[in-house]
Each structure stands twice: as C-alpha cells, then as structure tokens.
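J.: Can you keep this structure in mind? I'll have questions shortly.
All of the numbers you see were taken from the coordinates with simple rules; none came from a lab. Everything numeric in this text was worked out from a predicted model, so none of it was measured. Heads up, the Cβs are rebuilt from the backbone with ideal geometry, glycines too, and the neighbour counts pull from every protein chain shown.
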Amino acid sequence: MASLARVGISRCLLGENVRYDGGHKLDRVLVETLGPLVEWVPVCPEVEVGLGTPREPMRLVGDLHEPRLITINTVVDHTDAMNRFAQQRVRELEALNLSGFIFKSASPSCGISGVPLVSARGIETPDGVGLFARAFMEHFPLMPVEEESRLHDPQSMKDFLERVLAYRQSRNQV
C-alpha cells in the first residue's frame, strides 16, 4: 500500500494551542477533508524558534523585501532568530519529502501573501509575506503552497490536492 503524501501545515490549524494568544485556529474543513488523504507535518515557527505561548503579538515592519519581525508593544526584533530558524527548518523539512504546505493566512511568520506590513512611515499595507513562508517558498519554489483561507473553496482544495499529488509523483515519492 502506498504511503500518504506528506503536507506541512501551520500547527495552529490542527487545533494546537500555539498562537500568540495561547489559542488555536482549528480548521475543521482541512482536518476533515484533507486529513484522511495526507500525512500532516505540523510546524509552528514562532514556538519552534523558542517564543512561548502565549506571547506578545508581532508584526512585519519596514522594507517589503527585507521586513523586520517586531513585537508590537516592547518592540523586540525577532527577525534574525526567525531567519536563522527558517533556514535550518526548511533543510529539515526537505529530508521529510513534503509534497505541499498549508500556511496560516495573515501570519507574520506563515502568511504567503497579504500579510500586514507597516512601512517606515507607519503606513500599514497588505503587501507582506511571513518570514518563514518566504524562506520556505524560496527553498521549495516548485512545491504547492496555499493558505488555509483559500482552501475553503471546494475547487481550490481539489486543485491544491491535485498539485500536491502531481508534485509527489514528479519526485517519484509514490
């Protein structure tokens, strides 16, 4: 019997209490629909980099191409630690032969688009990309990635699963 395709996923989407507020963002649609079809590989960059739960919320600040990951109240910069972690973690994930990844939308570490970014002038735009997601997509430019919010559309979910299976097959991981 063939093994299931491995798909990385933001841990909070599986119902784990790893978010900044100590909560989760359990996504029943993903868990119930895709869960039986894939093997999840949960990742929470913020917890895995050593930040506690709960923790101070963070946001992306500064330049679009090299944003900083800064806590909102105490203005602690976690950018370098997150970037070092991300580079190490993507190499670890490479060894697991992932065939796709589902990221938490709007997250300063995991959002793949539309993440709030505060410019040097203090103006917020939806142009950011989470630091871990950026490193992941640069390391795996051909791997299917999606945010959970888009996968609530049945056609988008079907398309994502087809891309995951095609990617897996292209790498002879059946």
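J.: Taking a spot 7 Å from the Cα of Asn73 along the direction of its beta carbon, which residues of the range 36-55 have an amide N less than 13 Å from it?
T.: The answer is 54-55, whose backbone nitrogens lie closer than 13 Å to the label point.
J.: The range 131-174 to the range 75-100: how many Å between their Cα centroids?
T.: 17
J.: Given N residues in the range 42-174, what is its alpha carbon radius of gyration divided by 2.2 N^0.38 Å?
T.: Normalised by 2.2 N^0.38 Å, the Cα Rg of the range 42-174 equals 1.10.
J.: Here's something else I'd like to know. Among Met143, Met137, what is the fewest-to-most ranking by other Cβ atoms within 10 Å?
T.: The fewest-first ordering by Cβ neighbours comes to Met137, Met143.
J.: Right, another one. Note down the magnitude of the dipole of the range 5-170 about its Cα centre, charges +1 on Lys and Arg C-beta and -1 on Asp and Glu C-beta and zero elsewhere, to the nearest 20 debye.
T.: With Lys and Arg at +1 and Asp and Glu at -1, about 120 debye.
J.: Okay, moving on. Based on other C-beta atoms within 10 Å, arrange Arg19, Arg59, Arg168 from fewest to most.
T.: In order of increasing Cβ crowding within 10 Å: Arg59, Arg19, Arg168.
J.: To continue, here is another question. Test of understanding: ordering His78, His139, His152 by Cβ neighbours within 10 Å, fewest first, what list do you get?
T.: Lowest count first: His152, His139, His78.
J.: I've got another one for you. What FRET efficiency, computed as 1/(1 + (r/R0)^6) with R0 = 35 Å and r the Cβ-Cβ distance, is obtained for Gln87 and Arg28, rounded to the nearest 0.05?
T.: 0.60
J.: Which value in nm describes the separation of the simple spin-label points at Glu56 and Glu94, placed 7 Å from the Cα toward the beta carbon?
T.: Distance between label points: 3.4 nm.
J.: Distance in nm between label sites at Ala106 and Thr125, each 7 Å beyond Cα in the beta-carbon direction?
T.: In this crude spin-label approximation the distance works out to 2.0 nm.
J.: By the gyration tensor of its Cα atoms, with a ≥ b ≥ c the square roots of the eigenvalues, what is the shape of the range 131-174: rounded for a/c under 1.5, prolate for a/b over b/c, or oblate?
T.: Oblate shape, in that a/c is at least 1.5 and b/c is the bigger or equal ratio.
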